[in-house]
Amino acid sequence: MEIKRVSLDEYEDFIPHHPHIYNSAAFARVNANKASSLHCLLFMDGSKARMGIIMGERDAKLCSPFSAPFGGFSYHDNQRTEFVFEACSLLASYVGNIDLRAEITLPPEFYDKNMMTKQVASLATVGSISASCINAYFHTQRYGGYEQMLTHSAIKNLKRGMKAGFEFIATTHDNLEIAKRAYDVIAANRAEHGYPLSMSWEDIMVTINVIDADFFLLTKDGEDVASAVVFHVADNIVQVIYWGDRSQWSHLRSMNILAHHIFEFYSNKGIDFVDVGPCASDDGSINYGLTTFKETVGCMLTPRFSFQI
């Protein structure tokens with residue numbers, strides 16, 4: 001194989017399918033201003049592109065992702081282990097030749113277990129693991145026995161939430177009035193806890209031009225209590241981008257009932273996985289309370305790795 005740098009349009013022609021939306025040319029195009037330049041790299045076997053990766057140049061590094069939770073390689077189908085290793089070796093030579101470093105964060109393994117495993121092994125060989133985190137997800141095929149997944153205290157919290165008289169509203173990005181209300185609850189939640197909010201409402205509006213999104217709202221007595229913003233990021237996988245509640249309603253277990261409704265919603269839609277994201281604080285350290293909460297609402301845990309070359 002050989003590595004070839006191409007334009008974004010050429011990349012899109014060679015690599016039309018991706019393990020998740022953040023690797024797509026369309027997503028890179030709307031976020032191109034967040035990098036000084038894009039390196040769209042193909043790993044060519046003759047006239048065939050076996051794999052590809054889009055990296056953004058920032059602070060003397062090539063980053064995948066440069067504006068997303070994770071990136072990594074794209075490919076048409078499952079690639080043999082030796083091709084993945086060779087692609088990673090070619091990438092290491094490429095960044096070395098232009099005197100840069102590379103940073104790559106892979107998605108959790110449930111996005112494509114075989115290829116994620118091969119990428120982890122290959123990148124750890126040509127580089128090193130620079131960070132790891134615990135990522136939570138809900139497997140909806142387990143939903144039929146939801147309460148059986150929960151601890152006794154979690155079941156009590158769920159039943160308390162069910163008795164509180166919440167109304168659950170689900171909508172797509174077509175209903176901007178509900179979508180904005182959902183976002184405003186998130187913004188208020190972050191302000192109450194002193195947490196930064198990485199995406200503005202304008203950022204959300206730009207992003208949903210290339211990513212399908214759902215918005216969820218929990219209300220009580222006419223007040224917006226809790227909400228979630230969820231992106232459709234891969235075949236049969238959605239990702240919770242934001243969720244949270246207003247602190248004055250937490251005692252009624254609004255987040256427990258919101259999680260229950262969201263998992264039920266996607267189970268009914270035939271979506272296999274709900275990616276609930278990393279269990280981490282803003283500095284990247286493991287957040288034990290967040291990990292425990294996600295487990296109590298039925299999530300399973302898996303590692304997510306970042307690499308440096």
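The values are calculated or read from the model by the stated rules, or taken from the named source; none is laboratory data. Note that this is a predicted model, so its numbers are computed, not measured. Cβ sites come from the backbone with ideal geometry, for glycine too, and all protein chains shown count toward neighbours. Accessible surface is based on the protein model in full, side chains and every heavy atom, while ligands, DNA and RNA are left aside. Shrake-Rupley method; radii C 1.70, N 1.55, O 1.52, S 1.80 Å.
Listed here are the residues, each with its yes/no results for (1) in a helix (DSSP H, G or I); (2) small (G, A, S); (3) free of Cβ contacts under 8 Å to residues at least 12 places away in the same chain; (4) closer than 14 Å to Y137 by Cα.
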| position | (1), (2), (3), (4) |
| --- | --- |
| V210 | no, no, no, no |
| D214 | no, no, no, no |
| V225 | no, no, no, no |
| V238 | no, no, no, yes |
| H251 | yes, no, yes, no |
| M255 | yes, no, no, no |
| I262 | yes, no, no, yes |
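Suppose we filter P108, P69 for residues that are under 24 Å from H139 (Cβ atoms), open to solvent by less than 10 Å² (accessible area, probe 1.4 Å) and not polar (S, T, N, Q); which single one remains?
Details: P69 fails: open to solvent by less than 10 Å² (accessible area, probe 1.4 Å).
Sole residue among the options that is under 24 Å from H139 (Cβ atoms), open to solvent by less than 10 Å² (accessible area, probe 1.4 Å) and not polar (S, T, N, Q): P108.
Out of region 42-92, which residues are aliphatic (A, V, I, L, M) and in contact with a Lys or Arg (Cβ under 6 Å, 6 or more places away or on another chain)?
Start the filter on region 42-92 by keeping residues that are aliphatic (A, V, I, L, M), which leaves 42, 44, 49, 51, 53-55, 60, 62, 68, 84, 87, 90-92.
Result: L42, M44, V84.
Looking only at region 70-79, how many residues end up being in a loop (DSSP other than H, G, I, E, B) and at pLDDT 95 or above? Lay out the reasoning, then the answer.
First pass over region 70-79, keeping only residues in a loop (DSSP other than H, G, I, E, B): 70-73, 76-79.
Remaining after also requiring at pLDDT 95 or above: 70-73.
Matching residues across region 70-79 total 4.
From L301, L290, which residue is assigned to a helix (DSSP H, G or I), open to solvent by 40 Å² or more (accessible area, probe 1.4 Å) and hydrophobic (A, V, I, L, M, F, W, C)? Working first, answer last.
Working: L301 fails: assigned to a helix (DSSP H, G or I).
The unique qualifying residue is L290.
What do you reckon, is N135 among the polar types (S, T, N, Q), open to solvent by less than 10 Å² (accessible area, probe 1.4 Å) and under 30 Å from F263 (Cα atoms)?
Taking the combined requirement at face value, the residue satisfies it.
Out of the helices (runs of 4 or more DSSP H) lying entirely within region 90-205, which hold 2 or more residues that are over 22 Å from the mean Cα position of the chain (by Cα) and at pLDDT 90 or above? Steps first, please.
Numbers: elements: 113-126, 146-149, 152-163, 176-193.
The helices (runs of 4 or more DSSP H) meeting that bar are 113-126, 176-193.
Name the residue that is farthest from Q239 (Cα to Cα), counting only residues in region 1-53 that are open to solvent by 80 Å² or more (accessible area, probe 1.4 Å) and part of a loop (DSSP other than H, G, I, E, B).
S47
Got at least one residue in region 245-258 being open to solvent by 40 Å² or more (accessible area, probe 1.4 Å), at pLDDT below 90 and of a type in the set (A, V, I, L, M)?
Our first condition is that a residue be open to solvent by 40 Å² or more (accessible area, probe 1.4 Å); within region 245-258, this holds for 246-248, 250-251, 253.
Remaining after also requiring at pLDDT below 90: 247-248, 250-251, 253.
Narrowing further to those that are of a type in the set (A, V, I, L, M): none.
Looking through region 245-258, none of the residues is open to solvent by 40 Å² or more (accessible area, probe 1.4 Å), at pLDDT below 90 and of a type in the set (A, V, I, L, M).
For the list (1) farther than 20 Å from S267 by Cα; (2) of a type outside the set (D, E, K, R); (3) at pLDDT 90 or above, I need the number of the one condition that A228 fails.
Of everything listed in (1) farther than 20 Å from S267 by Cα; (2) of a type outside the set (D, E, K, R); (3) at pLDDT 90 or above, A228 misses just condition (1).
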